[in-house]
Amino acid sequence: MSVGAILVSSLLATLAHPAAWPVALAGFLVRGGIVVFLVPILVLPSPVGLSDLIAPTISSVALGGVPPQLVALAGALGALAVALVLLAGWFAAAMEAALIRDAPAWDELDPHRVLAAPRRGEAVRVLGVRMIAHLPLALVLAWGATRIVDAAYRELSRPVDVATPIAMRIVASVPEVIALVVIAWVGGQIVAAVAARHVVIVGASVAGGLRTAFVGSVRRPLHLIVLFVVPAAALVAVVVPTAAAASSTWDRVRIAIAESAGAVEGMVTVSVFVGLWLGGLALVSMVCAWRAAVWTLDVEQRTFGVTAPTQPGDWSDPESSGTL
């Protein structure tokens, strides 16, 4: 199947298969998407307040004087963060495995589709392929962390342009680091998505799934990049306006509460905010389910083959059918 056929077929199947949306949304939120929906209702510190809060700590680290209390606190927080990341990663992997097995309606056209029987620890193997696939990202982050910290220290202690948000100033200071992080992240996402489907669909091992995904990525990079970019762009196109609208509405809610507005105005404002928030969740869940379906269809049509887009029972020309 062509890239366009995969994108369109998976989208139509996703729209006709809404039961997968909550599962996809749960995986998205656990992997960090919850931050997108919390930002509109959080009051972020200003650059000056952020500087007053963390500049002394960064200065101590930059000058080589690290207090023992800071080391102990960093160790405890690091251990807690690792435990939470592993738990969240296992849950997200379980949701991904469920999405892969609960395939949309295109299966009905392929009577030869036989998934490997679920094996114990399937979610752990999916988590394993995702962690290994993102090892290059971890290495890039470890290499670029020092440069990012130095850039943050300069912007917090000696800012030149206070009108530009501090995050944008830091990115502009180390563009090569950000570019390598993006490349490593995209590559890890593609390899992990393909490998996870080989683990679930054909019962491949972690090493086997990663090997197959890596070889496939080398052989057809443009194909996989398009499959990644188009749904990702759709997700950004949904998330950004939703977050902006929810943030603006939340500001109106806070103003209404602060000014003791009337009950009707307050209820209307809160209702609009809740509607935007829930609507954004619904759209994001659909797009996330579509992203998962794109990768599943791409792997399945190369694993089992696909039939021509005709009614079941119609004659099919072998040359137009998929190959095993």
Given the criterion touching a Ser or Thr at 6+ places or on another chain (Cβ under 7 Å), in a helix (DSSP H, G or I), modelled with pLDDT of 85 or more and surrounded by 16 or more Cβ atoms within 10 Å (Cβ to Cβ), identify the matching residue among Ile100, Ile132. Ile100
Starting from residues that are under 15 Å from the mean Cα position of the chain (by Cα) and without any contact (Cβ under 8 Å) to a residue 12 or more places away in the chain, keep the ones in segment 21-42 and report whichever is surrounded by the most Cβ atoms within 10 Å (Cβ to Cβ). Leu29
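Each row is one residue, and each column tells you yes or no for (1) polar (S, T, N, Q); (2) touching a residue at least 60 places away in the same chain (Cβ under 8 Å); (3) in a helix (DSSP H, G or I); (4) under 22 Å from Met95 (Cβ atoms).
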site: Ala195; (1), (2), (3), (4): no, yes, yes, yes
site: His198; (1), (2), (3), (4): no, yes, yes, yes
site: Gly209; (1), (2), (3), (4): no, yes, yes, yes
site: Phe214; (1), (2), (3), (4): no, no, yes, no
site: Val218; (1), (2), (3), (4): no, no, yes, no
site: Leu222; (1), (2), (3), (4): no, no, yes, no
site: Phe228; (1), (2), (3), (4): no, no, yes, yes
site: Val236; (1), (2), (3), (4): no, no, yes, yes
site: Pro241; (1), (2), (3), (4): no, no, yes, no
Among the residues in segment 254-276, are any part of a helix (DSSP H, G or I) and modelled with pLDDT of 90 or more? no
Is it fair to say Pro40 is at pLDDT below 75 and under 23 Å from Ser10 (Cα atoms)? no
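The values are calculated or read from the model by the stated rules, or taken from the named source; none is laboratory data. In this text the structure is predicted, and so the values were computed from the model without any measurement. We place every Cβ from the backbone using ideal geometry, glycine too, and count neighbours over all the protein chains shown.
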